[in-house]
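Just so you know, all these numbers are worked out from the coordinates, no wet-lab data involved. As the structure is a computational prediction, the values presented were derived from the model and not from experiment. Ideal geometry is used to build each Cβ from the backbone, glycine not excepted, and the neighbour counts take in all protein chains shown.
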Amino acid sequence: MKTKTGRDGFTLIELLVVISIIAILAGILLPTISRSMQKAEKTQAISDIGSLVTAVKAYYADYGRYPFDNGRSSDTHCGESGTSNRELMNVLRGIDGAGNSGHENNIRKISYLDLSEQRLDVNGNFVDPWDQQYGVSFDTGFNNTVNNIPGFSDADGQNVVAWSLGVPDRDEPIKSWEE
């Protein structure tokens, strides 16, 4: 009777070594992947904020006014805690709806801000990568300063500002202006 001299499989030790190596590599890669994802989310928020500011400024250039409350002594704020940015998004996207009923605030139906529906929450608010509304304020008092920005100081020399509160539970707001 002949016996086999070759092996038919891996030993338990060999399998454990391979599994250990894979676990070590995964432990090294996961934090790197997590940091990369956080950086991508922050980059997305910075891009969105820039797009919001550009959209409001383009609207102003076309209509010679801001979407709401022109000539008020206090500036207009959308999306801060307790309010919605949905109405502003409807105006900037050229959509008939709250804040733009019958296209009253964007009669030309121009889309100043191109957003996919996935970037909006269930109420139609434009949200950051952490599912918080973007805030937008503009100088409807026309004094070349956005005053009383919720949670921030005034933005001197600015006509339009936007922000994200950033990653929840961290004090890292992302803003379109310097304080």
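Key figures for this structure:
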read-out	value
Potential extension, ASP131-GLU179 segment - 0.36 nm per residue separation minus Cα distance	14.8 nm
Cα-based shape type of the stretch 42-175, given that a ≥ b ≥ c are square roots of the gyration tensor eigenvalues and the cut on a/c is 1.5	oblate
Among ALA45, ALA26, ALA155: highest mean-square fluctuation, GNM of the chain, C-alpha pairs under 10 Å	ALA26
Extreme residue, positive dipole direction of the chain, given options HIS77, PHE142, PRO168 (C-beta unit charges)	PRO168
Neighbour-count ranking [beta-carbon atoms within 10 angstrom, fewest first] of VAL122, VAL160, VAL167, VAL56	VAL122, VAL167, VAL160, VAL56
Ascending count of other beta-carbon atoms within 10 Å, so fewest first, for ASP128, ASP139	ASP139, ASP128
Most fluctuating residue given options ASN143, ASN159, ASN90, as computed from a GNM of the chain linking Cα atoms under 10 Å	ASN143
Full-extension gain in nm, GLU14 to THR43, via 0.36 nm per residue minus C-alpha separation	6.1 nm
Most fluctuating residue given options THR83, THR11, THR32, as computed from a GNM of the chain linking Cα atoms under 10 Å	THR11
Residues LYS39, LYS175, sorted so that the one with the fewest Cβ neighbours within 10 Å comes first	LYS39, LYS175
Inter-probe distance in nm under a simple model that places probes 7 Å from Cα toward Cβ, at SER111 and ASN144	3.6 nm
C-alpha long axis of helix 12-63 to longest principal axis of the chain, angle in °	10 degrees
Pairwise FRET efficiency - THR54 versus LEU29, Cβ, R0 = 30 Å, nearest 0.05	0.25
Given charges at beta-carbon only (K, R positive; D, E negative), |dipole| of the stretch 58-145 in Debye	260 debye
Segment ARG170-ALA98, extension gain: residue separation times 0.36 nm, minus the distance between their alpha carbons	22.7 nm
Under 5 Å, built H, 5+ apart or other chain: amide partners of TYR112	ARG93, GLY94
Computed [θ] at 222 nm, helices only, for the chain once each DSSP H run of length n ≥ 4 contributes -39500 (n - 2.57)	-12000 deg cm²/dmol
Built amide H within the under 5 Å cut-off of SER84, gap 5+	GLY79
Karplus 3J(HN,Hα) series, Hz, for the stretch 174-179 with 6.51 cos²θ - 1.76 cosθ + 1.60 (x for Gly, Pro)	10, 10, 8, 9, 9, 9
